[in-house]
Amino acid sequence: MDKALKMSLLDLVKFPEDLRKLAAFDLPQLAAELRQETVDAVSVTGGHLGAGLGVVELTVALHWVFDTPRDRLVWDVGHQTYPHKIITGRRDRIRTLRQPGGLSGFTKCTESEYDPFGAAHSSTSISAGLGMAVARDLAGKDNNIVCVIGDGAMSAGMAYEALNNAGARDERLVVILNDNDMSIAPPTGAMSAYLARITSSGTYFYLRDIAKQLARQLPKSWERRAARIEEYTRHLWQGGAWFEELGFYYVGPIDGHNLDQLLPVLKNVRDAKQGPILVHVVTKKGKGYAPAEASDDKYHGVAKFNVVTGAQVKSKPNAPTYTKVFGQSLIAEARKNDKIVAITAAMPDGTGVDLFAKEFPERAFDVGIAEQHAVTFAAGLATEGLKPFAAIYSTFLQRAYDQVVHDVAIQRLPVRFAIDRAGFVGADGPTHAGSFDIAFLGCLPGFTLMAAADEAELKHMVATAAAIDDGPCAVRYPRGEGQGVEMPEEGVPLSIGKGRILREGSTVALISLGARLYECLKAANQLAGFGFSTTVADARFAKPLDEDLVRRLAQNHEILVTVEEGAIGGFGSHVLRFLSESALLDRGLKVRTMVFPDIFIDQDKPERMYEQASLSAPGIVTTVLGALGRETPLSEASRA
């Protein structure tokens, strides 16, 4: 008997159908084991920890109550889904999380049928879930659609747009609001749990519908008065009036770690014929693992760590990170100019704005997960003479492109974009890669677009951005450590639209935009071994293009190769257009543009991702030799 009690329940659960065979009283033990497995796995791989620990009981309850994957479980963002992955057939691979060839750190449709929608950016779940619900009804099916969205993701406009649309329709849709920070309405003990059970019951839904139908027979003023009395009487005890106004049936708040509360409420919601329904669940990030509970910000995303102590294993940096250099450079400029302000969209640590905020708390603004608002907010600041720096990851800036075009570029407002995580980012994979910003910003009239080759250049480019007052500009830079170059005492504004030559040659010209410059220098050394004299230039600016530099390189070399950390349509395309219009191609110049391949490259170490994209030194050498009709190092090695 004692041996049976010690048996691991998690070992019995390969898929949710196994979970549903367990009795309700077994679920707390399963949740405890699932939490420990999550901690152990992330300690090996690194990744997002706090959010997943906060939804362990909720994950167990959802899969026990609902018939997944027939019932669609749509997670928002996806970094909270590690426990979900463990009990949906992926436990044997959970220690490959975010590793080359391993599991994604987010939900991914091609990875499992239990991931009906891929999510790595926030606030998409309700929109996707509503689409699934409408498709279900059109097909005459009766499965459930359940969306789990965190309160942080509710700060994005897209979530409100979806709530508004869903509330105006009549599809059955369940939205779980995972409240782990904002605490919209804190639970009030036994009374709160009782009200949640009662207001999620079929009897309550039936009586509410009867009351609404009766109210509609009354004069309009009486109908509105009756509805208000019903709402405010109920919301005296609990929150949710706002969601009710949008057309949702509101249930909660309930303790998201108490299965005795979760299970009956979720059953009632599952069996209800009304919709849409919003269930307000209060959880704690990092629940059950003391270091994560004590510091939920530092344990949101972690490196490998010691499970016992919680100490993260971080290698000693060889150079400051680009993010830190940006933060420090912005502080230096702000000390000289009190009009400089900084904006971040819920990523103060990730963008270096946290450093700025410590020195200038009144001049730093975190607007939440709301990139669209961040950009137009910055535009408003610029209209009044301030110098706003909007520090936003490249992948997240995509979400605000209309605002960049309409509210900034067309009005020629001097908003300065600090674009972190340009290029490949490693373990977060293609959803977080900064692949497209050169192309989508470089096509905008009047935009100044810079790319830093190293941390010293970044410092100068921050100073350059601070000096630009006649239109929008952006500086892009990669994730991780710099090159270890000597740092200048202060940033000095660069000449707009002017590049630099670092190495002179006569046959091959390599012109780099961004941090591939040092791979170009390596390639030049290797090409010298093949007898080719090589010039290496740093464009610095994608726009305006340094036409004098490009013309000189085109006229004095046999082959010109552009190298950039971005998709097709970027810097190389601008160079080709100039060469074509200037008739510089007529003399037989060979031109190659090296960009990201036309695929999404899965997670790996950044250096491996660049190798796969042929944007490391060997790939550059191979491109040059191929264009010159020479055998590549690979073909020579193969023949040998």
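Every number in this text was worked out from the coordinates using simple rules, so none of it is lab data. Values in this document were obtained by computation on a predicted structure and should not be read as measured data. Please note: Cβ atoms are built from the backbone with ideal geometry, for glycine as well, and neighbour counts cover all protein chains shown.
What the table below lists for this structure:
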{"quantity": "Proximal charge balance of Gly102 [Cβ under 14 Å; K/R count +1, D/E count -1]", "calculated": "+4"}
{"quantity": "Distant-in-sequence amide H partners of Tyr250 (H built 1.01 Å from N, under 5 Å)", "calculated": "Leu278"}
{"quantity": "For Arg169, Arg70, order by how many other beta-carbon atoms lie within 10 Å, fewest first", "calculated": "Arg70, Arg169"}
{"quantity": "Candidate lysines - alpha carbon under 28 Å from Lys336, same-chain residues fewer than 8 apart omitted", "calculated": "Lys324, Lys358, Lys387, Lys459, Lys498, Lys543"}
{"quantity": "Residue exposure sequence - Cys147, Cys473, Cys109 - by fewest surrounding Cβ within 10 Å", "calculated": "Cys109, Cys473, Cys147"}
{"quantity": "Peptide ranges 159-167, 500-508 listed from the most packed, as the mean C-beta count within 10 angstrom indicates", "calculated": "159-167, 500-508"}
{"quantity": "Antiparallel DSSP beta bridges within the chain, percent to nearest 5", "calculated": "15 percent"}
{"quantity": "Cross-link partners of Lys141 among lysines (Cα-Cα below 30 Å; sequence separation of 8 or more within a chain)", "calculated": "Lys14, Lys21, Lys85, Lys108, Lys212, Lys267, Lys273"}
{"quantity": "Region 371-447 and region 253-313: distance between their alpha carbon centers, rounded to Å", "calculated": "33 Å"}
{"quantity": "Cα-based shape type of region 482-590, given that a ≥ b ≥ c are square roots of the gyration tensor eigenvalues and the cut on a/c is 1.5", "calculated": "oblate"}
{"quantity": "Theoretical gain in end-to-end length, Glu558 to Lys498 [0.36 nm per residue, Cα-Cα removed]", "calculated": "19.3 nm"}
{"quantity": "Fully extended contour minus Cα-Cα distance, from Gln411 to Lys522, at 0.36 nm per residue", "calculated": "35.7 nm"}
{"quantity": "Amide H contacts under 5 Å for Asn180, placed H, 5+ residues apart", "calculated": "Asp151, Gly152, Thr283"}
{"quantity": "Options (i) 1.45; (ii) 1.09; (iii) 1.54 - which one matches Cα Rg over 2.2 N^0.38 Å as calculated here", "calculated": "(ii)"}
{"quantity": "Aspartates and glutamates with Cα under 16 Å of Lys314, excluding same-chain neighbours fewer than 8 positions away", "calculated": "Glu481"}
{"quantity": "Top positive-direction residue, dipole computed over region 322-476 with Cβ charges, set Ala466, Ala451, Gly380", "calculated": "Ala466"}
{"quantity": "Angle in degrees between helix 547-556 and the longest Cα principal axis of the chain, rounded to the nearest 10", "calculated": "50 degrees"}
{"quantity": "Over region 113-168, volume per residue of the alpha carbon convex hull, in Å³", "calculated": "87 Å³"}
{"quantity": "Under 5 Å, built H, 5+ apart or other chain: amide partners of Leu494", "calculated": "Thr464"}
{"quantity": "Estimated vicinal HN-Hα couplings, Hz - region 78-93 in sequence order (Karplus 6.51, -1.76, 1.60; Gly, Pro = x)", "calculated": "x, 6, 9, 9, 4, x, 4, 5, 4, 9, 10, x, 10, 4, 5, 10"}
{"quantity": "Order of Ile410, Ile438, Ile86 under a 10 Å beta carbon neighbour criterion, fewest first", "calculated": "Ile410, Ile86, Ile438"}
{"quantity": "Rg(Cα) / (2.2 N^0.38 Å) computed for region 454-519, rounded to two decimals", "calculated": "1.24"}
{"quantity": "Rounded to whole Hz, the Karplus (6.51, -1.76, 1.60) HN-Hα couplings of region 405-410, x for glycine and proline", "calculated": "6, 7, 9, 10, 5, 4"}
{"quantity": "FRET efficiency estimate (nearest 0.05) - Cβ-Cβ, Arg551 to Lys316, R0 41 angstrom", "calculated": "0.35"}
{"quantity": "Contour minus Cα-Cα distance for Arg70 and Asp18 (0.36 nm per residue)", "calculated": "17.2 nm"}
{"quantity": "Under 14 Å, Cβ to Cβ, from Val375 - net charge with Lys/Arg +1 and Asp/Glu -1", "calculated": "-2"}
{"quantity": "Net charge of neighbours whose Cβ lies under 14 Å from the Cβ of Leu386, counting Lys and Arg as +1 and Asp and Glu as -1", "calculated": "-1"}
